[in-house]
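Peer 1: What follows is a single structure, and I will ask about it in a moment.
The values are calculated or read from the model by the stated rules, or taken from the named source; none is laboratory data. Only a predicted model underlies this, so the values are computations on that prediction, with no experimental measurement involved. Using ideal geometry, Cβ is built from the backbone for each residue, glycine included, and neighbour counts are taken over all protein chains shown.
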Amino acid sequence: MADETFTDGTRVPSNDNNPCQKTEGVGLISSLPDSILQHILSFIPTKLAIRTSLLSKRWRHVWCDIPSLSLDDKTLKPLKAAASITLNRYTSLKMMNFHLNTTREQNIPHINRWVEFAISRNVENLSLDFWDPGSSYKFEIPDFFYVNSSVKQLTIRLSFTDLMVPACYLSWTSLKKLYLCNCNLSDESMAKILSGSPLLESLTLYFCNKLRVLDLSKSLRLRTLKLNRNIWVLGPTHIVAPHIHRLRLTNSQLPCTFVNLSSLAEARLDICIVPITRIFEADFLQDMVLKMLEKLQNVEKLTFEGNFLQIISLAEVRGVPFPMFKVKDLTLETVIFQYVIPGIERLLQNSPDLKKLTIRARDTNTIGEEDINNYLQLQGLNPDQCWRSKDGVFFNNLRWYLESKHATSFVELVLKNTKTLDIDNIVILLNERYLRFKFEELVVPTLSHNNFSIALLKMPMTSNDDDW
């Protein structure tokens, strides 16, 4: 039987059949310069990188100079002891990435020391994740944190009980990308952050309660803004963004006003509807969406997701007038069913400059069909008649009930509404739900269109937060 070695309780069988190959492989790797080995180790979890010190004397101190560290109480237990050992042995004077993730209250008293250590090593990418919805402990970010000249990318994810109150003076002179999630931020605190971050290029705010006014007029370098609001988080409600080029907005059924989007070139929009609340503010949502569309008339690249398309469709069947658009690149991400068809038709008909159309079949819709139909009935309308396409075609009324004929009708509808356009490229991406269909049934309507393509994907399509 081959000999076996044990490292940290893990059985590793030896390769006695080819000892020369084994020795040669280990020798080749170990002969690499420390800088290359450390670069390789930076791509694996810190816990595993530290374990390489057990391989041989050559590897004993290699990890101590890696450019990235991750302290996570899900993998390092107990975190306090593991962090103490790790930081005591770490020797690099320059740290590129530091990630700290802890939800355990017993670690809270040590957070400041760990963060201060990373800052002392001139960390450039700093990520702090303290999200714990069940915690009653109130953590307040220390004053020393608000003066820093090395951090270029900062991610902070807190619990709603935590506080983020900058001191009188804030200076993040190198910061270019800021991501804040579940942070209790006042208007005054946000203003300090913006004024103290002169190089800021990208700002992401997810569920930042208490924030009401977001004035970006003095952030001259800020180009990308991502906002996510839901029914439980009000802010921000008043946004001034004259220099923003790219906007990603998931709005809610709460008021939100954009004052200036004059530089906007790209936008991605949806609405957060939480079914468990059983609240569907149809009139408010239509008014909000139409006002937003007015501000998007000159934007050349647009992406609309499922709930946003449903509200557009609801306004369309009620005969509400829509603006014309100068969009050249349009992406629609939605379930294919009757509640988005009128809106898609209207968008295509009102986009005469369209050059590229992408439709991604994704399960993003959360507005209940019953809520929409009940609203139409209260308006004196017959839902069955409202949801027919302009050609009189009936589509599936349930998102889960989809037949091949519905998908084929959808392809035909898209082609008909774009045939008068000088369009370069039309792509329909269908997810795993459509794999049971005969592909030729979907392709036949497109045979005379060289600029049209359909793709069937086996993996579910998801939206990536880092798309832009």
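Peer 1: Residue check, Phe144 against (1) surrounded by 20 or more Cβ atoms within 10 Å (Cβ to Cβ); (2) under 25 Å from Arg113 (Cβ atoms); (3) of a type outside the set (Ser, Thr, Tyr), all met but one. Which one?
Peer 2: (1)
Peer 1: Would you mind finding the one in Ile108, Ile50 that is out of contact with any strand residue (DSSP E or B) (no Cβ under 6 Å at 6 or more places or on another chain), in a helix (DSSP H, G or I), modelled with pLDDT of 80 or more and not aromatic (Phe, Trp, Tyr)?
Peer 2: Values: Ile108 fails: modelled with pLDDT of 80 or more.
Among Ile108, Ile50, only Ile50 is out of contact with any strand residue (DSSP E or B) (no Cβ under 6 Å at 6 or more places or on another chain), in a helix (DSSP H, G or I), modelled with pLDDT of 80 or more and not aromatic (Phe, Trp, Tyr).
Peer 1: Further question: Out of Leu87, Leu69, Leu79, I need the residue that is closer than 27 Å to Glu140 by Cα, in contact with a strand residue (DSSP E or B) (Cβ under 7 Å, 6 or more places away or on another chain) and modelled with pLDDT of 80 or more. Which one?
Peer 2: Going through Leu87, Leu69, Leu79 in turn, just one is closer than 27 Å to Glu140 by Cα, in contact with a strand residue (DSSP E or B) (Cβ under 7 Å, 6 or more places away or on another chain) and modelled with pLDDT of 80 or more: Leu69.
Peer 1: Residues of the stretch 270-287 being closer than 16 Å to Leu227 by Cβ and surrounded by fewer than 21 Cβ atoms within 10 Å (Cβ to Cβ), which ones?
Peer 2: Selection gives Cys272 alone.
Peer 1: Between Glu266, Glu281, which is under 22 Å from the mean Cα position of the chain (by Cα) and of a type outside the set (A, V, I, L, M)? Spell out how you get there, then give the answer.
Peer 2: Details: Glu281 fails: under 22 Å from the mean Cα position of the chain (by Cα).
That would be Glu266, the only listed residue that is under 22 Å from the mean Cα position of the chain (by Cα) and of a type outside the set (A, V, I, L, M).
Peer 1: Does Leu205 fit the bill of being among the aliphatic types (A, V, I, L, M), assigned to a loop (DSSP other than H, G, I, E, B) and touching a residue at least 24 places away in the same chain (Cβ under 8 Å)? Spell out how you get there, then give the answer.
Peer 2: Working: among the aliphatic types (A, V, I, L, M): yes; assigned to a loop (DSSP other than H, G, I, E, B): no; touching a residue at least 24 places away in the same chain (Cβ under 8 Å): yes.
Answer is no for this residue.
Peer 1: Please go through the stretch 33-65 and pick out each residue that is acidic (Asp, Glu) and either touching a Leu at 6+ places or on another chain (Cβ under 9 Å) or under 13 Å from Tyr90 (Cα atoms) (or both). Spell out how you get there, then give the answer.
Peer 2: Step one: of the stretch 33-65, the residues acidic (Asp, Glu) are 34, 65.
If the condition is that a residue be acidic (Asp, Glu) and either touching a Leu at 6+ places or on another chain (Cβ under 9 Å) or under 13 Å from Tyr90 (Cα atoms) (or both), then Asp65 is the only one that fits.
Peer 1: Go over the candidates Leu225, Leu185, Leu211 one by one and state the one that is modelled with pLDDT under 95 and either touching a helix residue (DSSP H, G or I) at 6+ places or on another chain (Cβ under 6 Å) or in a strand (DSSP E or B) (or both). It would help to see each step written out before you state the result.
Peer 2: Working: Leu225 fails: modelled with pLDDT under 95; Leu185 fails: either touching a helix residue (DSSP H, G or I) at 6+ places or on another chain (Cβ under 6 Å) or in a strand (DSSP E or B) (or both).
Every option except Leu211 fails the conditions.
Peer 1: Can you tell me how many residues in the stretch 349-366 are farther than 20 Å from Ala455 by Cα and surrounded by fewer than 21 Cβ atoms within 10 Å (Cβ to Cβ)?
Peer 2: From the stretch 349-366, those farther than 20 Å from Ala455 by Cα are 349-354, 365-366; that's our starting set.
From what is left, the residues that are surrounded by fewer than 21 Cβ atoms within 10 Å (Cβ to Cβ) are 349-350, 352-353, 366.
Total meeting the criteria: 5.
Peer 1: Looking only at strands (runs of 3 or more DSSP E) that lie completely in the stretch 259-363, which have at least 2 residues being modelled with pLDDT of 95 or more, out of contact with any strand residue (DSSP E or B) (no Cβ under 6 Å at 6 or more places or on another chain) and more than 28 Å from His243 (Cα to Cα)? Working first, answer last.
Peer 2: Numbers: elements: 266-271, 301-305, 329-334, 356-361.
Here the list is empty.
Peer 1: Can you tell me how many residues within the stretch 285-306 are under 18 Å from Thr257 (Cα atoms) and acidic (Asp, Glu)?
Peer 2: 2
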